[in-house]
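Right, one structure below, let's go through it.
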Amino acid sequence: RNIYKYSTKSINNAKINKIWIYLITTSLYFTYSTVTMKYKVFAKGKHSIVYISTMKNIRITRKKARNNKFIKNINKEAMILNLINQFNLGPKLIKKGPDYFDYVFVDRQYIKDWIKTASSSSKRTIAKKVLLQCYKLDKLKITKEEMNHPSKHIIISNKIVLIDFERA
């Protein structure tokens, strides 16, 4: 059974999702099939709130629109992640809902922190990898507007991950 997919049930020709969502102050609770998860607020942006949780030893990030005005941005970002994941770019999209999407959490060290202790050769290597990813995005005709703040949108983990395609 794939833990990343939620199931639906037909009852009198109506589809009922097995996910129930409750927004409670700073936490988001929902059920993946029979596993209830608690999401905690990780970050707040102008258009969305980012939550994190763990399911079966996998850390999951949920990015949810702050209000109905920003649902279009969330849907667009999920669509872009779905596309770029095919080219091994961005965080791995798990699923998309009406006003949110889930992706695998990227254990992170922001480039602004990493660069303080990195060697010159490591900095060159990472710069080349980031530019290669930007080149791939250009070939896909995706303009990553958030690159005006690279310190917050380039993550160093076991690979380089560009995040936040909300304004792409």
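The values are calculated or read from the model by the stated rules, or taken from the named source; none is laboratory data. Quick caveat, the model's predicted, so the values are computed rather than measured. Here the Cβ is made from the backbone with ideal geometry for all residues, glycine too, and neighbour counts use every protein chain on show. Areas reflect the complete protein model, heavy atoms only, side chains present, ligands, DNA and RNA absent. Shrake-Rupley method; radii C 1.70, N 1.55, O 1.52, S 1.80 Å.
Things worth noting here:
- One residue stands out in segment 92-112 among those that are within 19 Å of R59 (Cβ to Cβ) and surrounded by fewer than 17 Cβ atoms within 10 Å (Cβ to Cβ): the one that is modelled with the lowest pLDDT, namely R108.
- Scan of segment 72-87 for residues that are in contact (Cβ under 8 Å) with a residue 40 or more places away in the chain and either of a type in the set (A, V, I, L, M) or not in a loop (DSSP other than H, G, I, E, B) (or both), ordered by number: N73, I74, K76, E77, I80, L81, L83, I84
- Per this entry, N82 is counted among residues that are modelled with pLDDT of 90 or more, within 13 Å of the chain's Cα centre (by Cα) and on the phi < 0 side of the Ramachandran plot.
- So N57, is it more than 15 Å from I163 (Cα to Cα) and of a type in the set (S, T, N, Q): yes
- Inside segment 55-91, residues that are open to solvent by 40 Å² or more (accessible area, probe 1.4 Å) and aromatic (F, W, Y) make up a count of 1.
- Any hit, segment 114-129, residues being assigned to a helix (DSSP H, G or I), within 19 Å of the chain's Cα centre (by Cα) and either among the acidic types (D, E) or at pLDDT below 90 (or both): no
- Note on segment 143-168: residues that are in a loop (DSSP other than H, G, I, E, B) and crowded, with 17+ Cβ neighbours inside 10 Å total 6.
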